[in-house]
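Written out below as structure tokens is the structure these notes cover.
The values are calculated or read from the model by the stated rules, or taken from the named source; none is laboratory data. This is a predicted model, so every value here is computed, not measured. We place every Cβ from the backbone using ideal geometry, glycine too, and count neighbours over all the protein chains shown. With ligands, DNA and RNA removed, areas are computed over all heavy atoms of the protein, side chains included. Shrake-Rupley method; radii C 1.70, N 1.55, O 1.52, S 1.80 Å.
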Amino acid sequence: MPGMVDTHIHASQYSYSGTSMDLPLLQWLVIYTFPMEARFKDLDFANRVYTLVVKRTLKNGTTTACYFATIHTDASLLLGQIANDFGQRALVGKVCMDKNSAVKHYKETSHESQEETCRFIAELLNKKYPLVKPVVTPRFALSCTGALLGQLGAIAKNNNLHIQSHISENVEEVKLVMETFPESKSYTDVYYKCNLLTNKTVMAHGCHLTDEELALFRETGASLSHCPNSNISLCSGMLNVRNALNHKVKVGLGTDVAGGYSASMLDAVRSALETSKVLTIQDPDQKTLTFEEVFRLATLGGSQALALDDQIGNFEIGKDFDAIRVNVAAPDGPIDLIQSGGPKYNLEKFLNCGDDRNIVEVFVAGRRVVPFPEHQQ
């Protein structure tokens, strides 16, 4: 099957994934996230965590990942190097934030953020990695001044780069954004005015976007990364994917480690299905997503969300061979095949019951990257 595309994952947060989910978003950032991310100034620590997250995601069939790193340029460059060394296709972002860290030493001045972003982009592009590219990464509107957001929009435009950030994750956040940017009509309008909504933009969450905001996403070609595990785990809200798709907005799936506790895209698939069913329970007229539709979100939908669907996402002739070979009946695996079925039956079994034990081989751009070569194990 096609390789899976994780459109939103915080590589640095992998260090505490599966813990610390007892607070809502804004408090969670201050108590858990920012202190941990501050540790990535230490390149030995960064190397350890980033090696583990790249290996873990590849073993779970993530052939393409869109990563948030931290504010540290050298550690973010290291993440790009590690993804390249293991053969993963990746967009890597040095995080930009010039306010509201609440953690000493974990924020930048606007000038530092702009300068270091330019250095990060230049140095990563200079490496000429075939599958690893930089992505302009304002953390989110509350972590950046309007001036910095505008500068980052200009940097992305001048270099024709991808952009990633967060939007409308929880109600408190949306309220604070509107208080902080009173000149803007909506949260989406904040980014729009700073030239941060393009056809190479992916915004995580979007749980509380209005139909008017979705129309602006459609108009600009910007996409949404649906991160259902995180949205439930932090009690943020639920994105109505059906409504977004009806507005012809591009949607992919994200694990959003560590707001989401699992680095596996199979978990994102299952959480997306469950979220859709909860929305149907609340409104029986709501048409539930099918497993085929969610499978598409995890593959071709993700490639469209990252504006990479000319290269990956399915097996059309001319695209790169990003693929995973699945053995549904892997010895000592999690699936018991009691009756034989066709490809659709096997796919549904794998999506709902499978794990990395079923993933026998992983290929990226035609190269086998899992099992790992002996020197990388």
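Approximating the spin labels as points 7 Å out from Cα along Cα→Cβ, the Phe372-to-Glu292 distance works out to 3.8 nm.
Calculate, for Arg39 and Asp85, the FRET efficiency according to 1/(1 + (r/R0)^6) with r their C-beta to C-beta distance and R0 30 Å; round to the nearest 0.05. After rounding, the FRET efficiency stands at 0.85. With contacts defined as alpha carbon pairs under 8 Å and 6 or more residues apart, what's the relative contact order of the chain in percent? Result for the chain is 19 percent. Under the convention that each Lys and Arg Cβ holds +1 and each Asp and Glu Cβ holds -1, the size of the dipole of region 1-84 around its Cα centre is about 220 debye. Rounded to whole numbers, the Karplus 3J(HN,Hα) couplings from phi for region 370-377 are 9, x, 5, x, 3, 6, 9, 6 Hz, using 6.51 cos²θ - 1.76 cosθ + 1.60 with θ = phi - 60°, and x at Gly and Pro.
Here each label is just a point 7 Å from Cα along the line to Cβ, and for Lys127 and Asn352 those points are 4.1 nm apart.
About its Cα centre, the chain has a charge dipole of approximately 620 debye under the convention of +1 per Lys or Arg Cβ and -1 per Asp or Glu Cβ, with nothing else charged. In a simple Cβ point-charge model (Lys, Arg +1; Asp, Glu -1; nothing else charged), region 1-152 has a dipole of about 320 debye relative to its Cα centre. Under the criterion of Cα pairs below 8 Å and six or more residues apart, the relative contact order for region 230-377 equals 18 percent. Solvent-accessible area per residue in the chain equals 41 Å², computed with a 1.4 angstrom probe and all protein chains kept. [x] 1.39; [y] 0.93; [z] 1.33: which one is Cα Rg over 2.2 N^0.38 Å as calculated from this entry? It is the one labelled [y]. Spatial offset of region 326-368 relative to region 1-64 amounts to 25 Å, using the alpha carbon center of each.
Among the protein heavy atoms, those of Arg89 account for about 10 Å² of accessible surface (1.4 Å probe, every chain in place). For GluC sites (Glu not before Pro), the sites in region 103-183 that DSSP calls loop and that have at most 10 other Cβ atoms within 10 Å are Glu183.
With contacts taken as Cα pairs under 8 Å and at least 6 residues apart, region 128-277 reaches a relative contact order of 19 percent. Per atom type, the chain shows carbon and sulfur on 52% of its accessible surface, probed at 1.4 Å.
The loop-placed trypsin sites (Lys or Arg not before Pro) in region 240-281, going by DSSP, that have at most 11 neighbouring Cβ atoms within 10 Å of their Cβ come out as Lys248. Of the residues Leu78, Thr63, Pro138, the one whose Cα sits farthest towards the positive end of the charge dipole of region 47-166 is Thr63 (charges of +1 on Lys and Arg Cβ, -1 on Asp and Glu Cβ, taken about the Cα centre). Sorting Val135, Val174 by accessible area puts them as Val174, Val135; the probe is 1.4 Å, largest comes first, and only protein heavy atoms count. In this simple spin-label model, placing a label point 7 Å from the Cα along the Cα-to-Cβ direction at both Asn47 and Asp336 gives a separation of 4.6 nm.
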